[in-house]
């Protein structure tokens, strides 16, 4: 079924794996997205220069250049073109450089094409233009409490869910959990330790409330994108305080 909210978006897949390009084209075309592909960085840069492209999905290891270096060039010639980096090499330095270079997400290969498609569709619905604030590649523990709606018949301790913040910005973060969160749920998220050395811990507001904007299965568990509804630096007002 064609998704009206994203049907005019144009995607470019840059990967020397021809089977991957074909699989992504098949997946995205079902939703009415205009998809093209190429297998090298020089060709990709030429296509971005020649016309508007809403999103580039690019591999790190290309035959003629590094994908992260290509991302920097794309951002220079077309700042409004968004990017997702995909790679079998999910080294923390690669993730850090990709996010710092302007990628909105980093997805480790192998993955199900439908997983990437779901993230792209959610990204365009919730953020029709590139985010104003960058996300920072990081990894530190968080504690999550599910506030609403509560799942029926669950045996899980929904007040003490473990998780890991994988990247974070002033407006939200992505977390990995063992619990299947769902889009539309409201959660409370807190840094799992007060003395964490990662400087990006401070970007999570104290006892922050957040809305789950997207959720998907991931290797070893689940991932979810959280949007903070408590502004950074502002203490959440409890019902007792408000009374």
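If I filter the range 82-99 for residues that are over 25 Å from residue 216 (Cβ atoms) and touching a residue at least 12 places away in the same chain (Cβ under 8 Å), do I get at least one hit? No. Under the condition of being touching a helix residue (DSSP H, G or I) at 6+ places or on another chain (Cβ under 6 Å) and surrounded by 15 or more Cβ atoms within 10 Å (Cβ to Cβ), the residues counted in the range 57-80 number 10. Restricting to the range 88-115, name every residue that is closer than 18 Å to residue 169 by Cα and assigned to a loop (DSSP other than H, G, I, E, B). The answer is 101, 102, 103, 104. Collect the residues in the range 25-42 that are assigned to a helix (DSSP H, G or I) and surrounded by 15 or more Cβ atoms within 10 Å (Cβ to Cβ), keeping them in residue-number order. Result: 25, 27, 28, 41. As a summary of the residue check, residue 19 satisfies the conditions (1) more than 21 Å from residue 225 (Cβ to Cβ); (2) modelled with pLDDT under 90 except for the one numbered (2).
Mind checking whether some residue in the range 45-57 is assigned by TED's automatic domain parsing to the domain that holds residue 109, closer than 17 Å to residue 101 by Cα and in a helix (DSSP H, G or I)? Within the range 45-57, one or more residues are assigned by TED's automatic domain parsing to the domain that holds residue 109, closer than 17 Å to residue 101 by Cα and in a helix (DSSP H, G or I).
The values are calculated or read from the model by the stated rules, or taken from the named source; none is laboratory data. What you are looking at is a predicted structure, and each value in this text was computed from that prediction instead of being measured. Glycine also receives a Cβ, built like all others from the backbone with ideal geometry; neighbour counts cover every protein chain displayed.
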